[in-house]
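The values are calculated or read from the model by the stated rules, or taken from the named source; none is laboratory data. Keep in mind that this is a model prediction, so the values were computed, not measured. Methodologically, a virtual Cβ is constructed for each residue, glycine included, from the backbone with ideal geometry; neighbour enumeration extends over all protein chains shown.
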Amino acid sequence: MRYASLLILMLCGSMWSHGQSFKERFSYRGYLKDMRVLSIVKDTSGTTQTLQQNLIHHRLNTRLQLDTSWQLGVEFRNRVFYGEFLKYAPGFGDQLSMDPGLIDMSWSWINKPNLISHTTIDRLWVNYSTAKWDVRLGRQRINWGQNVVWNPNDLFNVLNYTDFDYEERPGSDAFKAERFFKKGRSFQVAYKFTEDFDDAVFAAMYKFNKKNYDVQILAGKYNRDVALGVGWAGNIKSSGFKGESTYFHPIDDTAQAVVLTTFSWDMSFGNGMYLLVSGLHNSNGTNDLDRLNALSAAGGGSQLTLKNLMPNKYSLFAQVSGAFNPLWSGNIGSIVALDLGGVFAMPSIAYSIKQNLDLSLVGQSFIGLVDNKLQSISNAVFLRFKWSY
């Protein structure tokens with residue numbers, strides 16, 4: 001709460017200093033969502049459970065232009081969870097209140113077995129910008145990734161593709177400075193603050209254009225590893241071609257080095273249809289289900305980290321999307337763990353009720369090998385109303 005109070009004081013101070021011009025300098029936008037969730041899962045005994053949950057999700061993004069170069073940004077979200085699903089997720093409220101950043105800006109107002117109310121400030125930064133410089137300090141998103149699904153170059157923020165309701169993506173408590181040069185070249189340095197230096201992330205990235213390809217080269221420290229990476233984005237005739245690769249070498253030389261490489265090919269068609277295909281190779285992945293299950297039981301196999309974007313070696317992603325008419329659109333994306341025989345599918349359909357009001361229906365299904373048999377492991381359906389302002 002003390003950080004929320006500090007935020008209010010900062011805004012009030014800016015209002016006082018700019019007087020009548022505050023309305024011209026201040027802008028905001030956000031949304032309000034109501035999402036009904038139906039989950040069908042199997043417990044450890046193999047019994048199928050059908051669980052319901054409701055989520056009310058409010059977000060507010062604000063900007064205050066202090067002068068021609070300085071800007072203050074504050075973004076936060078409020079969420080209310082209720083339903084029987086919470087009874088089967090003990091400690092969920094406590095988990096939400098755990099802020100991964102250096103400064104704790106996340107808290108649960110209500111934390112009961114069937115009702116959780118939670119607030120988090122996931123953006124709080126001050127920015128200085130000129131024609132040659134862009135410098136930002138505070139909680140922010142530092143996006144170094146090129147691809148849609150997997151981003152081995154994204155040292156500061158790990159993206160979870162399945163978390164479709166978090167469009168803004170996670171942020172970090174960090175400092176970032178970027179210097180712009182001629183011909184589209186730039187040099188960027190960033191530092192992610194942590195309580196333990198071993199977990200700190202700092203890196204530099206140089207971007208340039210070569211033969212109509214945007215290329216980036218990066219190097220730095222990622223937690224307890226030295227990271228070296230390269231990424232590119234360009235076109236093959238009328239289609240897009242992107243890729244990223246990062247090599248992680250342990251500083252203490254006791255762990256195994258890891259290389260993650262991903263590519264994507266995408267193309268838009270004249271009828272409004274869009275096709276995307278992407279692949280990922282994890283040099284430290286496994287095709288041993290027994291080893292994967294042991295790691296998951298120990299809490300390390302299913303945890304999403306930059307060095308563990310997928311637990312297996314070879315993964316393939318495909319997505320098809322398009323608009324049926326100005327009001328209706330559809331999308332289906334699927335991830336296949338080629339060497340594990342697992343498939344994750346996420347189809348969706350959206351309807352624009354009016355300009356700022358949308359209705360969407362999203363499904364998630366995971367099919368995997370259980371006792372050498374392909375079985376449905378979990379399924380979920382999300383019905384969401386979204387009002388934007």
Matching residues, segment 99-122, being of a type in the set (S, T, N, Q) and either in a loop (DSSP other than H, G, I, E, B) or in contact with a Gly (Cβ under 6 Å, 6 or more places away or on another chain) (or both): 108, 111, 114
Residue selected from segment 220-263 under the condition among the charged types (D, E, K, R), over 26 Å from residue 100 (Cα atoms) and surrounded by fewer than 18 Cβ atoms within 10 Å (Cβ to Cβ), by the criterion modelled with the lowest pLDDT: 253
Any hit, segment 32-43, residues being at pLDDT below 95, assigned to a helix (DSSP H, G or I) and charged (D, E, K, R): no
Set 364, 375, 319: member being over 28 Å from residue 83 (Cα atoms), polar (S, T, N, Q) and either part of a strand (DSSP E or B) or touching a His at 6+ places or on another chain (Cβ under 6 Å) (or both): 319
Pair list, Cβ under 7 Å, 6 or more apart: segment 240-261 residue in a loop (DSSP other than H, G, I, E, B), other residue among the charged types (D, E, K, R): 251/224; 251/225; 252/224
In segment 165-184, the residues that are aromatic (Phe, Trp, Tyr) and surrounded by 16 or more Cβ atoms within 10 Å (Cβ to Cβ): 175
Qualifying positions in segment 123-163 - assigned to a strand (DSSP E or B) and either at pLDDT below 95 or small (Gly, Ala, Ser) (or both): 129, 138
Subset of segment 339-389 that is of a type in the set (D, E, K, R) and without any contact (Cβ under 8 Å) to a residue 12 or more places away in the chain - its residue that is surrounded by the fewest Cβ atoms within 10 Å (Cβ to Cβ): 371
Counted residues, segment 71-94 - those being touching a strand residue (DSSP E or B) at 6+ places or on another chain (Cβ under 6 Å) and either under 19 Å from residue 134 (Cβ atoms) or crowded, with 16+ Cβ neighbours inside 10 Å (or both): 14
Whichever residue in segment 44-98 is within 25 Å of residue 140 (Cα to Cα) and part of a loop (DSSP other than H, G, I, E, B) and, among such residues, is nearest to the chain's Cα centre (by Cα): 98
